[in-house]
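Okay, structure first, notes after.
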Amino acid sequence: MPDAARTAVLRDAIGLGVAVGLYGVAFGAAAAAAGLDAWQALVMSLLMFTGASQFALVGVLGAGGSALAAAGSALLLGTRNTVYGVRLLPLLRPRGLGRVGTAHWVIDETTAMAVAAPDRRLARVAFLATGASVYLLWNATTVVGALGSAALGDTAQAALDAVVPAAFLALLWPRLRTPFPEAAVQRRVALGGAVVALALTPFVPAGVQVIAAVVAVALAGRPRPRAGVAA
Amino acid sequence: MSSGTMWTLVLGASLGCYLLKLAGLSVPARWVEQPYVARTVDFVPAALLAALVAVQAVASEQELTVDGRLAGLAVAALALALRAPFIVVLVLAGATGALVHVLA
């Protein structure tokens, strides 16, 4: 395998880990604001290890939602990792116990890097390097965010309250812009999800409106022949 | 929420999310690649993340309120449209929220 290609993969993996690490600080702070202690925030990053689901869980709790609503939204967002696994299987071909370990690192970033690699060997390098880099930094920065926010006063708490919706918007944003597949349809579904959630807020227990917003997926319409796939 | 409930939630949801990952490496690909299943999974994040943006920005329990969070979100959207890096987006949103809190 050409050394230059391998070096490029490793460099991108580290870069991605640093970028994701910034989200880790935001997650740790959001978890603390939602009432999780630093251990609970860290265990989530260690064991759940899928950012959008983790944010959703603490977001629903922070909005006053029940444990069931929080778990439901985390699991709904976790379904995309199932699709990633299907895509990664022919590239990584994990066997036996390797499959159990590989599964833990099946997330947005590792999938994007492995699928983009030019061949199977580099796909494996990309998956492992990205997984290691993101795992390490995500967990380390979760602790920083969780402990850091404990020292916040009233005004800083108001700042943190404003950071959480902004963090969700930053997670959502790339899905709404080209070159993301069917970005216009994604925008329609996103708008629908927001409208459904706000319309239901006065009438349902907190958190339930977030799960109910999945009905907006119907706005995507029927499957298209050879529809684009999200990575 | 009690500490025991919180731990049950953290561990249970983590296990569920792990099993969803493992399922992708274990079930026959054609189950997941059904056109309707694939289409739903492709669009669930947009619907849910947008719902979370909206709820986090204006909901307080079951009421809709306008405060520094919405101002922060507007500034964040502007920053994202101008291709600002993630950390800049968060700092601007946080500063806006704090400013509104101090002025209000």
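The values are calculated or read from the model by the stated rules, or taken from the named source; none is laboratory data. On a predicted model such as this, the values are computed, not experimentally measured, just so you know. No Cβ is skipped: glycine too gets one built from the backbone with ideal geometry, and neighbour counts run over all protein chains shown.
Considering B:A38, B:A13, B:A77, B:A95, which residue is surrounded by 22 or more Cβ atoms within 10 Å (Cβ to Cβ), at negative phi and in a helix (DSSP H, G or I)?
Numbers: B:A38 fails: surrounded by 22 or more Cβ atoms within 10 Å (Cβ to Cβ); B:A77 fails: surrounded by 22 or more Cβ atoms within 10 Å (Cβ to Cβ); B:A95 fails: surrounded by 22 or more Cβ atoms within 10 Å (Cβ to Cβ).
Answer to the check: B:A13.
Do you know which residues across the range A:43-71 are part of a helix (DSSP H, G or I) and aromatic (F, W, Y)?
Passing the criteria: only A:F55.
If I go through the range B:41-60 residue by residue, how many of them are in a helix (DSSP H, G or I) and either more than 7 Å from chain A (Cβ to nearest Cβ) or surrounded by fewer than 24 Cβ atoms within 10 Å (Cβ to Cβ) (or both)?
Filtering the range B:41-60 down to residues in a helix (DSSP H, G or I) leaves B:41-58.
Of the ones still in play, those that are also either more than 7 Å from chain A (Cβ to nearest Cβ) or surrounded by fewer than 24 Cβ atoms within 10 Å (Cβ to Cβ) (or both) are B:41, B:44, B:58.
Within the range B:41-60, residues that are in a helix (DSSP H, G or I) and either more than 7 Å from chain A (Cβ to nearest Cβ) or surrounded by fewer than 24 Cβ atoms within 10 Å (Cβ to Cβ) (or both) number 3.
Exactly one of (1) loosely packed, with under 15 Cβ neighbours inside 10 Å; (2) among the charged types (D, E, K, R); (3) closer than 14 Å to A:T155 by Cβ is unmet by B:E63. Its number?
Failing condition for B:E63: (3).
Cβ-Cβ under 8 Å, sequence separation 6+ or interchain: first residue in the range A:130-143 and under 15 Å from A:L10 (Cα atoms), partner acidic (D, E). Which pairs?
From residues that are under 15 Å from A:L10 (Cα atoms), the pairs are A:T130/A:D12; A:T130/A:E109; A:V134/A:E109.
Could we say that A:V185 is at the interface with another protein chain (Cβ under 7 Å from one of its Cβ atoms) and of a type in the set (V, I, T) here?
no
Check A:F203 against each of (1) of a type in the set (F, W, Y); (2) surrounded by fewer than 22 Cβ atoms within 10 Å (Cβ to Cβ); (3) under 21 Å from the mean Cα position of the chain (by Cα) and name the one condition it does not meet.
In the conditions (1) of a type in the set (F, W, Y); (2) surrounded by fewer than 22 Cβ atoms within 10 Å (Cβ to Cβ); (3) under 21 Å from the mean Cα position of the chain (by Cα), A:F203 misses (3) alone.
Quick one: is B:A29 more than 13 Å from A:A170 (Cβ to Cβ), of a type in the set (G, A, S), under 21 Å from the mean Cα position of the chain (by Cα) and facing chain A (nearest Cβ under 7 Å)? Before the answer, list the steps.
Working: more than 13 Å from A:A170 (Cβ to Cβ): yes; of a type in the set (G, A, S): yes; under 21 Å from the mean Cα position of the chain (by Cα): no; facing chain A (nearest Cβ under 7 Å): yes.
The answer is no for B:A29.
Restricting to the range A:30-50, give me the number of residues that are more than 7 Å from chain B (Cβ to nearest Cβ) and among the hydrophobic types (A, V, I, L, M, F, W, C).
Of all residues in the range A:30-50, those more than 7 Å from chain B (Cβ to nearest Cβ) come to A:30-34, A:37-39, A:41-42, A:45-46, A:49.
Now narrow it down to the ones that are among the hydrophobic types (A, V, I, L, M, F, W, C): A:30-34, A:38-39, A:41-42, A:46, A:49.
The number of residues fulfilling the criteria is 11.
How many residues does the range B:80-92 hold that are closer than 19 Å to A:G21 by Cβ, more than 7 Å from chain A (Cβ to nearest Cβ) and in a helix (DSSP H, G or I)?
2
Among (1) at pLDDT 85 or above; (2) touching a helix residue (DSSP H, G or I) at 6+ places or on another chain (Cβ under 8 Å), where does A:T178 come up short?
(2)
Which one of these is among the aromatic types (F, W, Y) and facing another protein chain (nearest Cβ under 9 Å): A:F55, A:F27?
Unique residue meeting the criteria: A:F55.
Could you list, in sequence order, all residues of the range A:111-162 that are under 30 Å from B:V58 (Cβ atoms), touching a helix residue (DSSP H, G or I) at 6+ places or on another chain (Cβ under 9 Å), away from chain B (no Cβ under 13 Å) and of a type in the set (G, A, S)?
Hit for the range A:111-162 is A:A150, nothing else.
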